[in-house]
Amino acid sequence: MVAAKAEAESMKKKELVHSPILTYFSVITLLSTCPPFVILLWYTMVHQDGSILNTFNYLKEHGVEGFVNIWPRPTAVAWKIIACYALFEAALQLWLPGKRVEGPISPTGNKPVYKANGVLAYVVTLVTYISLWWFGIFNPTVVYDHLGEIYSALIFGSLVFCVFLYIKGHVAPSSTDSGSSGNIIFDFYWGMELYPRIGKNFDIKVFTNCRFGMMSWAVLAVTYCIKQYETNGKVADSMLVNTVLMLVYITKFFWWEAGYWNTMDIAHDRAGFYICWGCLVWVPSIYTSPGMYLVNHPVNLGPQLAISILIAGILCIYINYDCDRQRQEFRRTSGKALVWGKAPSKIVASYTTTKGETKTSLLLTSGWWGLSRHFHYVPEIMAAFFWTVPALFDNFLPYFYFVFLTILLFDRAKRDDDRCRSKYGKYWKTYCSKVPYRIIPGIY
């Protein structure tokens, strides 16, 4: 009980990283605007030639009634596609073999256990999807043609799912890493449980974040490519660069999935609207939007420009991966792994859990992690730019994801710094003196 109360207090502090008024305003704004924005983005991309001005003029002329008219109604086809995909991914998550992996120790002393079968699930998913198209069993263009209905169904279905998570957190939490902040809006938005599960083995956040959200990104990237091929009889080099870079990034993600389970998304952010609705709806709609735009806007880059963008994007993805790999190897070897051929510079930081136990962590201050405290966000943001830039600059909307990701990661860096400052105290102050820049070396 004491641990649960302490965890609830910690949750309140996390929610109020910014001022209370700004926090309330941000949460209410995101809850009310994200669902309609998904529909507006899809409508603008598909029906208004990607022009924000065209959509603005339409809404200006037709008002609220016009917006209601463009919102697609969820159809039986949409629900069937979502259900088949979700059940398929859930089955792969449960039944495919995988190595046993332990997550980080939670604030209340729990250590979650996972089955690392993401790469296998990723390969099976893409091979199955492409094979269904190749052998004429299912045409992925059906997904694109019903995309608005699918997004609409996901919006409402995922809201219901978040209500389920809220109720479950109150009546049947899966571990002691749960509790209420005392505010129903925050509980719904941030979530009640850190590691919610159905039964013993089905981890809900692994499903929403990895197997539904990230996997749908790959599936839709392939879908857009096939749609352009079947519409135009060929795939433009701009679409190829976009698709290849996205798939390389997602391949990197699943290769590194066990490392992802140590990040803020899994180890610190609870299962609520912010994480789960975001991964179920925002990822398949917003993250894939540059490819959605390119379906109807094929650009001929030419071999030299296309290859240059491709190489630059792959380099950024590799650096992003190597940053995470470097820190993961440092932790795995308890600080003994070489970093750039040298013994690592580190800080041994102690902290106290909510149960009153004293633990230690190693903070890496050399290699990529000596450049800035969150340097890995720099190549991630740049990779997003490189898989968007094939759309060129006729419209701004393809770059929304790039802008959104930049804001998201800068905010996440601040939240992570605030959490670590609270957790490590004087040790974090020492760490910041050794690594003074938060994200961009020499600037910020």
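The values are calculated or read from the model by the stated rules, or taken from the named source; none is laboratory data. This one's a predicted model, so the numbers in the text were calculated from it and none came from an experiment. Because the Cβ atoms are built from the backbone with ideal geometry, glycine has one as well, and the counts that use them run over all protein chains shown. Accessible surface areas use protein heavy atoms only, side chains included; no ligands, DNA or RNA. Shrake-Rupley method; radii C 1.70, N 1.55, O 1.52, S 1.80 Å.
Observations
- Relative protection proxy for 366-378, 295-307, 272-284, from highest mean packing down: 272-284, 366-378, 295-307 (other beta-carbon atoms within 10 angstrom).
- With both labels modelled 7 Å from their Cα along Cα-to-Cβ, the F393 to I311 distance reads 2.3 nm.
- Length released on extending from D411 to I167, taking residue separation times 0.36 nm less the Cα-Cα span: 85.0 nm
- Between the stretch 66-106 and the stretch 159-189, the alpha-carbon center distance in angstrom: 20 Å
- Shape box of the chain [Cα atoms, principal axes, largest first, Å]: 62, 51, 46
- Relative contact order, percent, the stretch 356-444 [alpha-carbon distance under 8 Å, six or more residues apart]: 48 percent
- Of K205/K342; K115/K426; K205/K234; K60/K252; K336/K426; K80/K115, those spanning more than 32 Å from alpha-carbon to alpha-carbon: K205/K342; K115/K426; K205/K234; K60/K252
- Using a probe of 1.4 Å on the protein chains alone, the accessible area found for K111 is around 100 Å².
- Chain lengthening between F37 and Y24 when straightened (0.36 nm per residue, less Cα-Cα): 2.7 nm
- Each eigenvalue of the Cα gyration tensor of the stretch 241-337, multiplied by 5 and square-rooted, gives one semi-axis; in descending order these are 30, 22, 7 Å.
- Applying 1/(1 + (r/R0)^6) with r as the Cβ-Cβ distance of T333 and I198 and R0 = 25 angstrom yields a FRET efficiency of 0.10.
- The label-point distance for E357 and A90, in a model that sets each label 7 Å from Cα toward Cβ, rounds to 3.3 nm.
- Alpha carbon centroid spacing (whole Å) that separates the stretch 261-302 from the stretch 321-350: 29 Å
- Global geometry of the stretch 73-180, whether rounded, prolate or oblate, following the gyration tensor of its Cα atoms and the 1.5 cut on a/c: oblate
- This model, with +1 at the C-beta of Lys and Arg and -1 at the C-beta of Asp and Glu, gives the stretch 56-203 a dipole about its Cα centre of some 500 debye.
- Heavy-atom surface analysis with a 1.4 Å probe gives the chain a carbon and sulfur content of 66 percent of its accessible area.
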